[in-house]
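K.L.:
Can you read through this structure? Questions will come right after.
The values are calculated or read from the model by the stated rules, or taken from the named source; none is laboratory data. All of these numbers come straight from a predicted model, not from anything done at the bench. Quick reminder, even Gly has a Cβ in these numbers, built from the backbone with ideal geometry, and neighbours come from all protein chains shown. Remember, those area values only see protein heavy atoms, side chains included, never the ligands or the DNA or RNA. Shrake-Rupley method; radii C 1.70, N 1.55, O 1.52, S 1.80 Å.
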Amino acid sequence: MEDKLRNIKKNILANEWATLYRVDYDYKFENGDWRTLSRESYDRGNGTCILLYNKAKKTVILTKQFRMPAYVNTPADGMSIEVCAGALDKNEEPEVCIIREVEEEVGYKINSAKKVLECYTSPGAVTEKMFLFIAEYDDSMKINDGGGLEIENEEIEVLELPFAKAIEMMQNFEIIDAKTIMLLQYAQINRLLS
């Protein structure tokens, strides 16, 4: 890519919860023309998420919480049903992060998780790379009620649903979160609960 980019300049537009940059740069097109372009880029760090599943009960653990950006777009979408997820701390490994998030958000103690996907959910605007995991759970792993951390102003409802119901909710547009859809489809394609 270095031979197609030059004169990259980043200007901070906002720096509250995350950083919004305007990035100006010269880009070389296939016909050889160089054009000066400008894009906004929202940098909130990287994240992790996980689908917890129980083969014996054929269930999954999901969360339900208020998401202001979804509400701003469509008020009815404000309460979002999602897999457990969290933002990586600086220099933190994704698996370490998701193990911590599982305990904080849904109250289960897992010792490991399997990474199955990596993705950018909106690469035209957001820098965040998501690391997607799966892990089996059972009732003996439940160590608290979950619900998130008060210090992080989280209020998370923990949902244990039959896998078939979660798939139905995805198909009926009750679940519209991209990372959740990807992990549910991963579980379906790979017959994790069969």
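K.L.:
Probe radius 1.4 Å, ligands and nucleic acids left out: which of 24, 89 has the largest accessible area, and how do the rest follow?
P.N.:
Solvent-accessible surface, decreasing: 89, 24.
K.L.:
Right, something else. Quick check on my link table: of 9/129; 55/129; 90/179; 4/179; 4/90; 64/129, which ones sit more than 27 Å apart, alpha carbon to alpha carbon?
P.N.:
On the way: 9/129 22 Å; 55/129 29 Å; 90/179 22 Å; 4/179 31 Å; 4/90 30 Å; 64/129 22 Å.
Flagged as over cut-off: 55/129; 4/179; 4/90.
K.L.:
Can you check what the Kirkwood hydrodynamic radius comes to for the stretch 1-54, Cα pairs only, in Å to one decimal?
P.N.:
About 13.6 Å for the stretch 1-54.
K.L.:
To test your reading of the geometry: what angle, between 0 and 90 degrees and rounded to tens, separates the Cα axis of helix 178-189 from the longest principal axis of the chain?
P.N.:
Between helix and principal axis, roughly 60 degrees.
K.L.:
On to the next question. Using Cα positions and a limit of under 20 Å, work out the aspartates and glutamates in reach of residue 10, with same-chain residues fewer than 8 apart set aside.
P.N.:
Candidates past the 8-residue exclusion: 2, 24, 26, 40, 43, 128.
K.L.:
Give the Kirkwood hydrodynamic radius (Å, one decimal) of the stretch 1-143, defined as one over the mean of 1/r across all pairs of different Cα atoms.
P.N.:
Details: mean 1/r = 0.0564 Å⁻¹.
Across the stretch 1-143, the inverse of the average 1/r is 17.7 Å.
K.L.:
To the nearest 10 square angstrom, what accessible area does residue 79 show with a 1.4 Å probe?
P.N.:
Taking all protein chains as shown, residue 79 has close to 100 Å².
K.L.:
Hey, another quick one. Determine ³J(HN,Hα), in whole Hz, for all residues of the stretch 41-54 in sequence, where each value follows from phi through the Karplus function 6.51 cos²θ - 1.76 cosθ + 1.60 and θ = phi - 60°; x replaces Gly and Pro.
P.N.:
Calculated HN-Hα couplings, in order: 9, 9, 10, 10, x, 9, x, 10, 8, 8, 9, 8, 9, 10 Hz.
K.L.:
Another question about this same structure. Expressed as an acute angle from 0 to 90° and rounded to the nearest 10, what is the orientation of the C-alpha long axis of helix 94-106 relative to the principal long axis of the chain?
P.N.:
50 degrees
K.L.:
Any idea how far apart residue 17 and residue 145 come out in nm if each label point goes 7 Å out from Cα toward Cβ?
P.N.:
Roughly 2.5 nm, to one decimal.
K.L.:
Ok, one more. Quick check: the distance between the Cα centres of the stretch 141-194 and the stretch 31-51, to the nearest angstrom?
P.N.:
27 Å
K.L.:
What per residue convex hull volume, in Å³, do the alpha-carbon atoms of the stretch 88-141 yield? Each step should come with its number before you reach the end.
P.N.:
Working: hull volume 4.8 nm³, N = 54.
Given the Cα convex hull of the stretch 88-141, per-residue volume reads 88 Å³.
K.L.:
Helix-only estimate, please: 222 nm mean residue ellipticity of the chain, summing -39500 (n - 2.57) across DSSP H runs of length 4 or more and dividing by its residues, to the nearest 500. Don't skip to the end; give the middle numbers.
P.N.:
Numbers: 4 runs with 40 residues, N = 194.
That comes out to -6000 deg cm²/dmol.
K.L.:
Further question on the same structure: Considering the dipole of the chain built from charges on the beta carbon (Lys and Arg +1, Asp and Glu -1) around the Cα centre, which of 76, 185, 31 is farthest to its positive end?
P.N.:
31
K.L.:
Under 12 Å from the Cβ of residue 54, count the other residues' Cβ atoms, weight Lys and Arg +1, Asp and Glu -1, and hand me the total.
P.N.:
Values: positive: 55, 57, 58, 142; negative: 136, 138, 139, 160.
Overall, the nearby charge balance is 0.
K.L.:
OK, next. By accessible area of protein heavy atoms, probe 1.4 Å, what ranking do 34, 17 get, highest first?
P.N.:
Values: 34 90, 17 190 Å².
Descending order: 17, 34.
K.L.:
Could I ask something else about it? In Å², and per residue, what accessible area does the stretch 49-160 have when probed at 1.4 Å with the other protein chains present?
P.N.:
Values: 6100 Å² over 112 residues.
Each residue of the stretch 49-160 exposes 54 Å² on average to a 1.4 Å probe.
K.L.:
Could you give the longest part of the chain that holds none of the trypsin sites (Lys or Arg not before Pro) found in DSSP loops with at most 11 neighbouring Cβ atoms within 10 Å?
P.N.:
Details: sites that count: 90, 191.
So the longest stretch without any such site is 91-190.
K.L.:
Summarise the accessible area of the chain (1.4 Å probe, protein heavy atoms) by the percent that is carbon and sulfur. Display every interim value, and only then the final one.
P.N.:
Working: 5720 of 11650 Å².
Ligands and nucleic acids excluded, carbon and sulfur reach 49 percent.
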